[in-house]
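Just so it is clear, none of the values below were taken in a lab; they were calculated from the coordinates. Every value quoted in this text rests on a predicted model; they were computed, and no experiment measured them. Note that we place each Cβ from the backbone using ideal geometry, even for glycine, and neighbour counts take in every protein chain shown.
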Amino acid sequence: MSGHTDPAAAPPVDDRPPKPRPAPVLDPDSAPYYGAALEGRLVVQRCDTCGNTQLYARDRCLRCRSEVRWVEASGRGTIYSFTVIRQQHQRPFRTWLPYVVALVDLEEGPRVMTNLVECDPDRVHIGMAVRARFEPVSEDAGIALFEPA
């Protein structure tokens with residue numbers, strides 16, 4: 001059976017150094033968000049017409065289609081849902097195992113998908129209070145991660 005591999009066999013070991021965290025591709029709508037994160041600030045969009053607060057970046061309010069503006073957010077929220085990733089063979093993620101992917105309800109209203117860091121994954125729970133922390137990922141962008149409050 002030359003040329004065939006055993007599907008149950010372990011994948012080859014990849015001993016290359018880990019890649020850095022992937023950086024977002026900036027566009028005119030999202031650049032203010034990632035620029036603020038690079039400065040260590042969490043911002044959300046607010047509509048002055050209807051008061052809706054939203055994130056991720058869009059050029060118009062999702063509720064009434066009016067213009068929106070960026071406003072400072074508290075950086076505080078609670079875990080709405082989460083999962084623990086225990087198997088991941090792609091760089092850069094494999095060096096983070098296990099890691100938590102969470103949906104966080106911000107105090108201002110929007111729900112964001114993020115990573116929860118600086119926390120034992122087995123201690124994460126729905127309703128857990130969290131706060132934003134920031135990590136630079138390029139010369140132009142930072143990302144918001146969350147940690148226990």
>> Run lengths n ≥ 4 of DSSP H only: what is the helix-derived mean residue ellipticity at 222 nm for the chain, with -39500 (n - 2.57) per run over all residues, to the nearest 500?
In response: -1500 deg cm²/dmol
>> Using 10 Å bins from zero, what percent of all Cα-Cα pairs in the stretch 83-149 falls into each bin?
In response: 19, 50, 28, 3
> What FRET efficiency do you get for S138 and V84 if R0 is 35 Å and r is their Cβ-Cβ distance, rounded to the nearest 0.05?
Replying inline: 0.80
> In Å, the Kirkwood hydrodynamic radius of the stretch 31-148 over pairs of distinct alpha carbons?
Replying inline: 15.1
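Among 95-103, 79-87, what's the highest-first ranking by average C-beta atoms within 10 angstrom per residue? Spell out each step's value before the answer.
Working: 95-103: 15.6, 79-87: 13.8.
Top to bottom by mean Cβ count within 10 Å: 95-103, 79-87.
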